[in-house]
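Quick notes on the structure that follows.
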Amino acid sequence: MSRDYPTIPRSMTLEDLVEQHILGAGGRIFLVQGEGSACLGLLTINEVRSVPRKDWPTTTAADVMIPYDSMVVVQPRTELLEALQQMDTANVAQLPVMADGCVAGILSREQILRHVRLRAEVGI
């Protein structure tokens with residue numbers, strides 16, 4: 001699980017997101033913040049891709065994010081196989097890890113597979 005996940009303001013345009021955070025920093029998943037530090041939703045490259053390029057300058061993160069109450073999430077104690085199954089079912093590559101109503105980190109399919117490979121190499 002990564003605890004280093006970018007947050008973006010709800011008013012950020014997709015054009016700025018792509019330039020600054022996707023191409024500029026290599027980000028793939030973003031938590032959309034509202035007032036204070038409240039998590040309003042989640043935005044991935046898939047949502048950006050669903051918007052025509054000509055509309056990026058006027059489309060905000062809040063316009064296309066996955067709302068908080070629709071996010072597929074896991075808890076810190078969720079077994080990795082269960083998390084991987086949730087990713088497959090939801091057709092996503094990352095899941096927010098929620099603890100006490102707050103995002104504790106982001107779990108990716110790549111991280112799970114890396115962990116499984118390491119366990120196999122060690123013989124566990």
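With K and R counted +1 and D and E -1, the other residues having a Cβ less than 9 Å from that of residue 93 yield a net charge of +1.
Please name whichever of 46, 80, 104 sits farthest to the positive end of the charge dipole of the chain, dipole taken about the Cα centre and charges placed at Cβ: Lys and Arg +1, Asp and Glu -1. Positive-most Cα among the choices belongs to 80.
Computed per residue of the chain from DSSP H runs no shorter than four, each worth -39500 (n - 2.57), the mean residue ellipticity at 222 nm is -7500 deg cm²/dmol. Leaving out ligands, DNA and RNA, what percent of the accessible area of the chain is carbon and sulfur, probe 1.4 Å? C and S fraction of accessible area: 51 percent. Placing +1 on the Cβ of every Lys and Arg and -1 on the Cβ of every Asp and Glu, with nothing else charged, gives the chain a dipole about its Cα centre of roughly 340 debye. Its relative contact order, with pairs defined as Cα atoms under 8 Å and 6+ residues apart, puts the chain at 25 percent. Sites listed here are GluC sites (Glu not before Pro) in region 1-53 whose DSSP assignment is loop and whose Cβ has at most 15 other Cβ atoms within 10 Å: 35. Percent of Cα pairs in the chain per distance bin of 10 Å, from zero to the largest separation: 13, 42, 31, 11, 2, 0.
Determine the shape class of region 18-84: with a ≥ b ≥ c the square roots of the Cα gyration tensor eigenvalues, call it rounded for a/c under 1.5, and otherwise prolate if a/b is greater than b/c, oblate otherwise. Here region 18-84 falls in the prolate category. Computed about its Cα centre, the charge dipole of region 14-73 is approximately 240 debye, with only Lys, Arg, Asp and Glu carrying charge at their Cβ.
The values are calculated or read from the model by the stated rules, or taken from the named source; none is laboratory data. Predicted model, so just to flag it, every value in this text is computed and none were measured. When we count neighbours, we look across all protein chains shown, and the Cβ atoms used for this are built from the backbone with ideal geometry, even at glycine. Accessible surface areas use protein heavy atoms only, side chains included; no ligands, DNA or RNA. Shrake-Rupley method; radii C 1.70, N 1.55, O 1.52, S 1.80 Å.
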